Amino acid sequence: MKIVEQVLKGDKRAAGKLISMIEDDDAGATEALAAIYPHTGKAHVVGFTGPPGVGKSSLINRLIREFRVRDRKVGVVAVDPTSPFTGGAVLGDRIRMSDTGTDPGVFIRSMATRGHSGGLALATFDAVKVLDALGIDLIFVETVGAGQSEIDIASRAHTTVVVQMPQSGDAVQALKAGILEIGDIYVVNKTDLGGADSMASNLDFMLEERQGWRPPVVQTSALEGKGIKELADAINKHYRYLKGGGGWRRRESDRARKELYESMKRLLAEAYSDETEGVAFEEVVGAIVVRKTDPRSAAKTLLRDLKLPK
Amino acid sequence: MAKKIRVLMAKPGLDGHDRGAKVVARALRDAGMEVIYTGLRQSPEDIVEAAIQEDVDAIGLSSLSGAHMALFPEVVKVLKKRGAGDILVVAGGIIPDDDIPKLKKAGIKAVFGPGTPLADIVAFFRSSAK
Ligand SMILES: Nc1nc2c(ncn2[C@@H]2O[C@H](COP(=O)(O)OP(=O)(O)OP(=O)(O)O)[C@@H](O)[C@H]2O)c(=O)[nH]1
Ligand SMILES: [Mg+2]
């Protein structure tokens, strides 16, 4: 496919268009994704999660500059929610990421969730693959830390950065359940507001080593540009840890497993949204209602006779 | 999934705040479109770069500072240079009547003054952005 060749040559316009094709579930998207897949797997994917307004975009903006100085090509996929009522969205992360202008080594894409639950869009990690194929070395994925999204991002990224801001001691105790288990790196941002030291040591006290990696706590002020080098170093250190100890392979397997399940679910859903299948499906629904069959047996029969979309 | 209309809202120049652009952004969102804000103080080159990465159908430029004659046609020019001449450019904000024909001649597809009904703006994006 022409668009795939262009992406592989580093054409940003083609990459932008291919990401839209994937988001819109365009007819050529599946074929294009299959064609780029062998060219992916090189980029280091770093997820950013944390409460709204904590400074994720501002930090990523600073990190882009820091990693550009270190001669890495940097990509960003920044996800914001779609309005469930109108299907529209206002995507504002880019406002804070405008320092890099026309730098050819940077690609930033804003993405709406489009009804996908969990703070990520269905297309988010396919867009990551497009950036990977485009030749980007380091890809940041920003998601609003709400509900399921932390877990989702942690199971798909190589490195997960959890961003918090200074809070009183009690608030630290009340950190959202699960948040201490998913981060590879913790950031206390907005140190310029004060209270960061006790927040950081409280966090540090609660964090435990997992599989030979003890998550560091880094203090930053995206506003003043402080702690950015340390955060960049921590990200690189985690990369070396993953590559050195087999963690990379394990995370890639986790991701592959998840994407395989998701693809299967999607195919099944498509098979049943197809019009004729829909009719058959509705007949079975009727049979279940009148107790001619039960849901589990009917599911088995339907799956046995399933015709997948081409 | 149907194709979504994506619009980049940009404010070239040094405008501080711009409520008009925000109101339009919300109206487009409520019409089911995806609106992406660029950063502040963006040059025409920055705006075009963002439009390409975001693969938008249209760029909405808004200006209150009177710099529109210098900046808006430049955006159209840079788009063409980057092979993205199919991205629509529209303008809003306070623009003197005399400048409107000049902007249109320079490739700005529509100019929406402060009194334009939101429904008209929404309808324009719907019908023009494929
Ligand atoms: N004082 C202070 N303010 C900051 C700092 N970092 C970010 N901010 C401000 O916090 C606000 C939110 O910053 P963003 O970078 O947009 O935060 P975010 O986490 O990306 O926000 P969402 O994407 O909306 O969840 C902005 O007004 C920033 O200027 C910091 O280190 N110190
Ligand atoms: Mg943000």
(request) Could you check A:Glu150 against (1) assigned to a helix (DSSP H, G or I); (2) modelled with pLDDT of 80 or more; (3) within 16 Å of ligand 1 (Cβ to nearest atom) and say which number it fails? (result) (2)
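One line per residue, one yes/no per condition, for (1) farther than 26 Å from A:Val130 by Cα; (2) of a type in the set (Phe, Trp, Tyr); (3) outside any helix (DSSP H, G or I):
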residue: B:Leu8; (1), (2), (3): no, no, yes
residue: B:Val35; (1), (2), (3): no, no, yes
residue: B:Val56; (1), (2), (3): no, no, yes
residue: B:Val75; (1), (2), (3): yes, no, no
residue: B:Gly92; (1), (2), (3): yes, no, yes
residue: B:Ile95; (1), (2), (3): yes, no, yes
(request) Could you tell me which residue of segment A:42-71 is modelled with the lowest pLDDT, considering only residues that are touching a Gly at 6+ places or on another chain (Cβ under 8 Å) and closer than 16 Å to A:Val128 by Cβ? (result) A:Thr49
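Out of the helices (runs of 4 or more DSSP H) lying entirely within segment A:1-72, which hold 2 or more residues that are more than 14 Å from chain B (Cβ to nearest Cβ) and among the hydrophobic types (A, V, I, L, M, F, W, C)? Steps first, please.
On the way: elements: A:2-8, A:12-23, A:29-36, A:56-69.
Counting at least 2 such residues, we get A:2-8, A:29-36, A:56-69.
Checking the structure you have, find out if any residue of segment A:244-255 is more than 16 Å from ligand 2 (Cβ to nearest atom), more than 14 Å from every other protein chain (Cβ to nearest Cβ) and of a type in the set (Ser, Thr, Tyr).
Going residue by residue through segment A:244-255, those that are more than 16 Å from ligand 2 (Cβ to nearest atom) are A:244-255.
With the extra rule that they be more than 14 Å from every other protein chain (Cβ to nearest Cβ), the set shrinks to A:244-255.
If we keep only those that are of a type in the set (Ser, Thr, Tyr) as well, we get A:253.
Checked segment A:244-255: at least one residue is more than 16 Å from ligand 2 (Cβ to nearest atom), more than 14 Å from every other protein chain (Cβ to nearest Cβ) and of a type in the set (Ser, Thr, Tyr).
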(message) Among (1) β-branched (Val, Ile, Thr); (2) more than 13 Å from every other protein chain (Cβ to nearest Cβ); (3) surrounded by fewer than 24 Cβ atoms within 10 Å (Cβ to Cβ), there is one condition A:Ile139 misses while meeting the rest; what is its number?
(response) (3)
(request) Could you tell me whether any residue of segment A:90-97 is part of a loop (DSSP other than H, G, I, E, B), in contact with a helix residue (DSSP H, G or I) (Cβ under 9 Å, 6 or more places away or on another chain) and at negative phi? (result) yes
(request) Output the qualifying pairs, or none if there are none: Cβ atoms under 8 angstrom, residues six or more apart or on different chains, first residue in segment A:243-256 and within 15 Å of A:Trp213 (Cα to Cα), second residue of a type outside the set (Val, Ile, Thr) and assigned to a helix (DSSP H, G or I). (result) A:Gly247/A:Tyr241; A:Trp248/A:Leu242; A:Arg251/A:Leu242
(message) I'd like the full set of residues that are more than 7 Å from every other protein chain (Cβ to nearest Cβ) and assigned to a helix (DSSP H, G or I), limited to segment B:37-47.
(response) B:Pro44, B:Ile47
(request) Can you run down the residue pairs with Cβ atoms below 6 Å, 6 or more apart or on separate chains, where the first is in segment B:1-30 and within 12 Å of chain A (Cβ to nearest Cβ) and the partner is modelled with pLDDT under 80? (result) B:Ile5/B:Ala129; B:Lys11/B:Asp18
(message) Among the numbered criteria (1) at positive phi; (2) away from chain A (no Cβ under 14 Å), which one does B:Ala67 miss?
(response) (1)
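Among the residues of segment A:211-238, which ones are part of a loop (DSSP other than H, G, I, E, B) and within 16 Å of ligand 1 (Cβ to nearest atom)?
A:Thr220, A:Ala222, A:Leu223, A:Glu224, A:Gly225, A:Gly227 - these are the residues of segment A:211-238 that are part of a loop (DSSP other than H, G, I, E, B) and within 16 Å of ligand 1 (Cβ to nearest atom).
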(request) Kindly indicate whether any position in segment A:40-55 is touching a residue at least 24 places away in the same chain (Cβ under 8 Å), within 20 Å of B:Arg29 (Cβ to Cβ), touching a helix residue (DSSP H, G or I) at 6+ places or on another chain (Cβ under 8 Å) and surrounded by 24 or more Cβ atoms within 10 Å (Cβ to Cβ). (result) no
(message) Please go through (1) within 16 Å of ligand 2 (Cβ to nearest atom); (2) at pLDDT 95 or above; (3) in contact with a His (Cβ under 9 Å, 6 or more places away or on another chain) for A:Leu8 and return the number of the only condition it doesn't satisfy.
(response) (1)
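Tell me, which residue of segment A:1-10 that is touching a residue at least 24 places away in the same chain (Cβ under 8 Å) and of a type outside the set (Val, Ile, Thr) is nearest to A:Arg109 (Cα to Cα)?
Just the residues of segment A:1-10 that are touching a residue at least 24 places away in the same chain (Cβ under 8 Å), to begin with: A:1, A:3-4, A:7-8, A:10.
Narrowing the set further to residues that are of a type outside the set (Val, Ile, Thr) leaves A:1, A:8, A:10.
Values: A:Met1: 22, A:Leu8: 18, A:Gly10: 15 Å.
This residue is A:Gly10.
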(request) Could you list all residues from segment A:98-123 that are more than 8 Å from every other protein chain (Cβ to nearest Cβ) and part of a strand (DSSP E or B)? (result) A:Val106, A:Met111
(request) Search segment A:73-96 for residues being hydrophobic (A, V, I, L, M, F, W, C) and at the interface with chain B (Cβ under 7 Å from one of its Cβ atoms), and hand back the single one that is nearest to ligand 1 (Cβ to nearest atom). (result) A:Ile95
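The values are calculated or read from the model by the stated rules, or taken from the named source; none is laboratory data. In this text, all values refer to a predicted model and were calculated from it rather than measured experimentally. With ideal geometry, Cβ positions are generated from the backbone for all residues, glycine too; neighbour counts draw on all protein chains shown.
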